[in-house]
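Below: the structure, in structure tokens.
The values are calculated or read from the model by the stated rules, or taken from the named source; none is laboratory data. A quick note: this is a predicted structure, and the numbers were derived from the prediction, not measured. Cβ atoms come from the backbone with ideal geometry, glycine included; neighbour counts cover every protein chain shown. The area values use the complete protein model at the heavy-atom level, side chains included, leaving out ligands, DNA and RNA. Shrake-Rupley method; radii C 1.70, N 1.55, O 1.52, S 1.80 Å.
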Amino acid sequence: MLTKTMTRIGAATAPLLLAALLSGCATSKNKADTQYVARDVSTLYNAGKYRLDRGQYKLAAALFDEVERQHPYSPWARRAQLMSAFSYYMNQDYPESIGAAQRFLSIHTGNKDAPYAYYLIALCYYEQIADVTRDQKITQQALDALGELIRRYPDTRYAADARLKIDLVNDHLAGKEMEIGRFYQRRGQWLAATLRFRTVIDKYQTTTHTPEALERLVESYLSLGIPAEAQKAAAVLGKNYPGSKWYERSYKLMREHPNKA
């Protein structure tokens, strides 16, 4: 889905894809394409475009890099930097894509295509997000990159998509907190579990994990012997998610453990 989205965006971001194909590119050999031979800038750029259009992303990236190396002061070099970043992205060479986009931004911060570069960086982190059982460092990097894009360019189409992705990233991070909290519950470490569930409610309250976090708080508070706090969590759950299975479970628990204070 993300790859298809990026392909559409890449195609629509003029003037990134304006170069026409050269008829001689079709017969060139792969090794001959990227070996160092001084070539005019349009030949190099169009060879890269030719390879990109045929799904040969790694080779395309190498050719666009060659544009930058051989013709660093040409207007084509600026376009080639972004095309290289996009080609690496399409090949799922995410560190290389991030590096190319960052090089572009270090030189052309105020360029009209800067939002595109920030978006590419954010996508590269976003598409590396692992499941909730693994370390979430890359998830936080995705969140930071998406937030940076929105902060700098809030009115762009890239920022609109970034806002949707931030919701998904937050849901993912909340899921990680829930997994750890449930782990502590299974071990009877109720205070540690409570801290994780409170994090979900305080930091990720708009995510899909909030109803379960509230119900797990009810369980943990009751196990800690503080039914008054369990009652507060159950009340919030009942007010906001009255028809959920999590409210039904918390309601049953509170009936079994009435607050006698």
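The translational diffusion coefficient of the range 77-231, from Stokes-Einstein at 4 °C and 1.567 mPa s with a Kirkwood hydrodynamic radius over alpha carbon pairs, comes to 75 µm²/s. For the range 53-94, carbon and sulfur atoms together expose 46% of the accessible surface, with a 1.4 angstrom probe and every protein chain in place. Rounded to two decimals, the Cα-based Rg/Rh of the range 42-161, with Kirkwood Rh, is 1.01.
So for Met254, Met178, what's the accessible-area order with a 1.4 Å probe, most first?
Result, largest first: Met254, Met178.
Using a probe of 1.4 angstrom and keeping all protein chains present, the accessible surface of the range 99-210 works out to 50 square angstrom per residue. Rolling a 1.4 Å probe over the protein heavy atoms of the range 106-237, with every protein chain left in place, gives an accessible area that is 53 percent carbon and sulfur. Each of Leu191, Leu63 has its accessible area taken with a 1.4 Å probe; listed largest first, they run Leu191, Leu63.
The spacing between the range 136-174 and the range 49-108, judged by their C-alpha centroids, is 24 Å.
Extending 7 Å from Cα along the Cβ direction at Asp40 and again at Leu224 yields two label points whose distance is 7.4 nm.
Full-extension gain between Arg163 and Arg186, please, as 0.36 nm times their residue separation minus the C-alpha to C-alpha distance. Numbers along the way, then the final one.
Details: separation 23, 0.36 × 23 = 8.28 nm, distance 3.49 nm.
Difference between extended and current length: 4.8 nm.
Going down the table (Lys137/Lys239; Lys165/Lys232; Lys49/Lys137; Lys165/Lys252; Lys137/Lys232; Lys165/Lys203), which pairs top 28 Å between alpha carbons?
Flagged as over cut-off: Lys137/Lys239; Lys165/Lys232; Lys49/Lys137; Lys165/Lys252; Lys137/Lys232.
Once C-alpha pairs closer than 8 Å and six or more residues apart are averaged by separation and normalised to the residue number of the range 102-256, the relative contact order reads 14 percent. A dipole drawn for the range 97-185 from +1 and -1 charges on Cβ atoms has a positive end, and of Gln136, Asn170, Tyr116 the residue lying farthest that way is Tyr116.
Each Lys and Arg contributes +1 and each Asp and Glu -1, all at the Cβ; summed about the Cα centre of the range 162-261, the dipole is approximately 60 debye. Taking the Cα centre of the range 99-246 as reference, the dipole from Cβ charges on Lys and Arg (+1) and Asp and Glu (-1) amounts to some 160 debye. Working note: Cα gyration tensor of the range 109-169, eigenvalues times five, square-rooted, sorted largest first, giving semi-axes of 22, 11, 8 Å.
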